[in-house]
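Every number here is computed from the coordinates shown, using simple stated rules; none is lab data. Just so it is clear, the structure is predicted and the values come from calculations on it, not from any experiment. Because the Cβ atoms are built from the backbone with ideal geometry, glycine has one as well, and the counts that use them run over all protein chains shown.
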Amino acid sequence: MISTGQTQTYRADDPVLDMDRLIAMANQIGDFFAPYSPARRAEGIRNHLRTYWEPRMREALLKYIDEEGGTRLHDHVISGARALTESGVDRKGYYGPPQA
Amino acid sequence: MANPVKPDHSVVTTCAYCGVGCSFKAESYQGRIVRMIPWKEGKANHGHSCVKGRFAYDYYNHPDRLRTPLIRKSITDPWQEVSWDEAIHYAASEFRRVQDKYGKKSIGAVSSSRCTNEEIFLVQKFVRAVMGNNNIDNCARICHSPTQFGMSATVGWGAASQHFDSILQADVIMVVGANPTEGHPVFGSLMKRRVRQGAKLIVIDPRRTETVDSAHCKASVHLALRPGTNVAVLNSISHVIVREKLYNEPFIRERCEWDEFESWMALIGSDRYAPEVIGPQAGIDPESIMQVARLYAGGPNSAIYYGLGVTEHSQGSTGVMCLGNLALACGMLGREGVGVNPLRGQGNVQGGSCLGSWPHVFSGYRFVTDSDVRSSFENDWGVSLDDEPGLRLPNMFDAALTGHFRGMYIMGEDPVQSDPNQHHVISAMKNMECVVLQDLFLNETSKYAHVILPGSSSLEKDGTFTSAERRVNRVRKVVEPLAGYQDWQIVVKLMNAMGYAAHYNDAGEILDEIARLSPAYKGMSFSLLERVGSAQWPCDENAPEGTEVLHRVKFPRANGRGTFMLTEYVPTLERTNDRYPLLLTTGRILSQYNVGTQTRRTANSRWHPEDVLDINAEDARARGIDDGDWLKISSRFGSTRLRAKLSTHVNPGIVYTTFHHAKSRANVLTSDLSDWATNCPEYKVTAVEVVKIAPETESETAGFQKTATLEETAA
């Protein structure tokens, strides 16, 4: 938990946030949208990640899904994250219930 | 010092101590403030005040005040006093050096809700237009960010629906996770007046606060729920409203999205939210949940006031949505005496929220991803802007630990003391190469800073604050800035030094820019405020002197309708077990303000010389603890020590403390869990264990003394 700071080396292509933290955050978002129907669930997650997550956080999550199968993510979080690339044209965020 | 009979100067200004926004006539004599007189024309306080606003102003002139800029190459070097020019130049060149080495997104800023609208707006402009990214956050992140999210989702705007005086029309007042008689005293008095006139008071709070039971205030119902069960209990209240058909169908059909209401009913109506199920989980009598539902739905005017006891949870945003859903379902919006109203802790949290001090939105909660909105700013500022959300404050610290974030401009904040999981924050601070701190005093964060810029207090500057009732009040300079500059002037210097030509003759010109770029502030100007005193946003051609009550005709959503969000209860991961069997929750006290940087440096400290741990007699007895004993409090994240105070205000299983003193180090204990939507920290629930420590073992805790040194100078 406690990093000493000075001695560590960092790589520019490391995830911007610790992967465990990103996974926990993504699953928490998934928990919120879980009561919606599958299509709305995925859209709610997509909209949230698109409007609130810094792009490098989204990229790290997608990379984790592509390269490691996203095994520690809820299934509907994977669908929501994948929708980021599928519906990337729709870049406008919105408030309120998932629009699907 | 004795009050001189005749002050030689006075101005009317706004108190910065909480979100009520009281007006005071500040009187000075030969350049020193001699008294603060509550101003009768103040539309929030009508001549009333509290013990902070009236008396706790001496901090501005305290010997600890920073008067000269300081720099150092490394946090292990001693500070070096330098000129303003040298400090600004050093900060600017370091920020550029860090960006050249680690990329444009490797730096960012956090602004403070103790600063003016103009300063908050300028800091986000500095980040977006000069640093060239959206890594801008505000301390509202760690208190009311879920308000913005949860209220925007349901009613359209993350702001109080009412003006404070509206409470005098309320028949039922529901206070959730707030203690207005201590935290928002002048509003608390107004509430008590209404309760004495016969309004019913519902309090939902783990503690038996002064709001629940004191000389002039008795709650009709108190739900002393277990910390962390807000959403379950609010859902259960809604369950009763659905089960007993207490909702306002005509209002919902006319003003809301009916389909979303039906989905909501299906979820909330489930047996798992029946009071008979939730009551035992939350440690409260099911009958009292039903009583609350019937009282609230019955009104006829029911108003909700809530605080950080709702927001600072892993389901903080969900909790706010529960309140929005509830008010919509019962038709308690759009007129006097009703509404959903966040009580804000600092003078300008509302301003911090609505003026674009967030990584994902411009002023007016408009997304940075929206090209139309973005181009309005690009045209005004003459630069192209980042079209992606930036890092939130906790994510900046996270990214510092992975080496991606290396520099930070901090205006009027002390994240090391006030942010959760202190060890984590300190490690992150140590990883940064350029931390520029602008503040009144050296604080916990200054130990990790490279540049210190002496800031000015709200008594030394011009501008505006937006109070919790959306009221834009003038802040007027009472005395000259001690170190020479108002905070907004320092931001302009930094912008210029980093190559962006910004110039304002006075803070009023910044407000003009805010008005030009933010629809809800369109009509705001110093001249308007000079004429009418204060005005609540939205203020535009339709409401030239502002708006007291929101949502009278429609909600500020695309289709004009309020909507319902599905608010499933997801218990927090922070749980008690054999090792950490107690739940710690936190709050504040009347005479002190937040981390105490200001109030600790005034005579108000005599009322509250130290933070203590409230513990129920039963828990104390089981651990052999007497009143006044020293305790070691440990969580999964760290440990600290406080004195015990045996209290009937908390139920068995729950302990409580305030966080006004740095030496208490309450945030050594708090977890890294946060709200699912906004990353607002879960300050209100930490599993802990408490053991008595003998006074002679104090050497064991020698580490604590070090951090306390700074504070000792402040007596």
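With a cut-off of 20 Å on the backbone N, the residues of segment B:389-433 near the modelled label site 7 Å out from B:K101 along Cα-Cβ are B:396-410, B:426-433.
Per-residue Karplus couplings for segment B:576-584, computed as 6.51 cos²θ - 1.76 cosθ + 1.60 with θ equal to phi - 60°, are listed in order as 7, 8, 4, 7, 10, x, 10, 9, 8 Hz, Gly and Pro entered as x.
Compare the peptides B:673-680, B:243-250 by average per-residue count of other Cβ atoms within 10 angstrom and give them in order, highest first. It would help to have the intermediate numbers written out before the result.
Working: B:673-680: 25.8, B:243-250: 13.6.
Ranked by mean Cβ neighbours within 10 Å, highest first: B:673-680, B:243-250.
Scalar couplings 3J(HN,Hα) for segment B:158-173, obtained by applying the Karplus form with A = 6.51, B = -1.76, C = 1.60 to θ = phi - 60°, are x, 7, 4, 7, 10, 9, 4, 4, 4, 5, 6, 9, 7, 9, 10, 10 Hz; x denotes Gly and Pro.
In this Cβ point-charge picture (+1 for Lys and Arg, -1 for Asp and Glu), the protein assembly as shown has a dipole of about 1200 debye about its Cα centre. Only beta bridges with both residues in chain B are counted; by DSSP, about 50 percent of them are antiparallel. Here each label is just a point 7 Å from Cα along the line to Cβ, and for B:R253 and B:R196 those points are 4.4 nm apart. Within segment B:12-27, what residues put their amide N at less than 20 Å from the label point 7 Å along the Cα-to-Cβ vector of B:H216? B:18-24, by backbone N distance to the label point.
For B:V221, what is the net charge nearby, where nearby means another residue's Cβ is under 11 Å from its Cβ and Lys, Arg count +1, Asp, Glu -1? It would help to have the intermediate numbers written out before the result.
Numbers: positive: B:K200, B:K218, B:R294; negative: B:D285, B:E287.
For residues surrounding B:V221, the net value is +1.
Between B:S674 and B:E682, the built amide H atoms are under 5 Å apart, and every one of these is 5 or more places off in sequence or on another chain.
I want the local charge near B:S302. Using Cβ-Cβ distances under 14 Å, sum +1 for each Lys or Arg and -1 for each Asp or Glu among the other residues.
Details: positive: B:R194, B:K200, B:R294, B:R335; negative: B:D171, B:E336.
Charge balance near B:S302 sits at +2.
A Förster distance of 22 Å, applied to the separation of the beta-carbon atoms of B:N61 and B:I37, puts the FRET efficiency at 0.75.
Just tell me how shielded A:29-35 is by partners: mean number of partner chain Cβ atoms within 10 Å of each residue's Cβ, no decimals.
Mean number of neighbouring Cβ atoms from other chains: 5.
If both residues of a DSSP beta bridge must be in the protein assembly as shown, then about 50% of such bridges are antiparallel. Between segment B:288-311 and segment B:191-266, what's the alpha-carbon centroid distance in Å? Comparing the Cα centres of segment B:288-311 and segment B:191-266, I get a distance of 2 Å. Sorting B:277-290, B:80-93 by average packing, meaning the other beta carbons within 10 Å per residue, from highest down gives B:277-290, B:80-93.
Can you tell me the FRET efficiency between B:L385 and B:I75 if r is taken as the Cβ-Cβ distance and R0 is 22 Å, rounded to the nearest 0.05?
Numbers: r = 32 Å, r/R0 = 1.47.
Step by step, r from the Cβ atoms, then E = 0.10.
Summed over all non-identical Cα pairs, the Kirkwood treatment of chain B gives a radius of 25.7 Å.
Summarising the label geometry, the points placed 7 Å from Cα in the beta-carbon direction at B:E276 and A:Q99 lie 4.3 nm from one another.
As a proxy for reagent exposure, ranking B:M495, B:M524, B:M174 by other Cβ atoms within 10 Å from fewest up yields B:M495, B:M524, B:M174.
A:I65: net charge of surrounding residues, Cβ under 12 Å, Lys/Arg +1, Asp/Glu -1, itself excluded?
Details: positive: A:R58, A:K63, A:R72, A:R82; negative: A:E59, A:D66, A:E67, A:E68, A:D75.
Counting the neighbours of A:I65, the net charge comes to -1.
To the nearest whole number, what is the average tally of beta carbon atoms from other chains within 10 Å of the beta carbons of peptide B:668-677?
On the way: counts 0, 0, 0, 0, 3, 2, 4, 1, 11, 6.
Mean partner shielding for this stretch: 3.
What ranking do B:C354, B:C217 get, fewest neighbouring Cβ atoms within 10 angstrom at the top? By the 10 Å Cβ count, ascending, the order reads B:C217, B:C354. Taking 13 Å as the cut-off, no amide N atom of segment B:365-393 comes nearer than this to a point 7 Å along the Cα-to-beta-carbon line of A:S87.
Neighbour counts of other C-beta atoms within 10 Å: give me B:D64, B:D626, B:D439 arranged from fewest to most.
Details: B:D64 13, B:D626 10, B:D439 24.
Lowest count first: B:D626, B:D64, B:D439.
With the simple model of a label 7 Å out from the Cα in the direction of the Cβ, B:Q169 to B:H423 spans 5.3 nm. Across segment B:656-664, rounded Karplus estimates of 3J(HN,Hα) from the backbone phi angles (6.51 cos²θ - 1.76 cosθ + 1.60, θ = phi - 60°) give 9, 9, 9, 10, 7, 10, 4, 5, 6 Hz, Gly and Pro being marked x. Note on segment A:50-100 and segment B:528-576: Cα centroid distance 29 Å, given to the nearest whole angstrom.
Mean per-residue shielding of peptide B:146-153 is 2, counting Cβ atoms of other chains within 10 Å of each Cβ.
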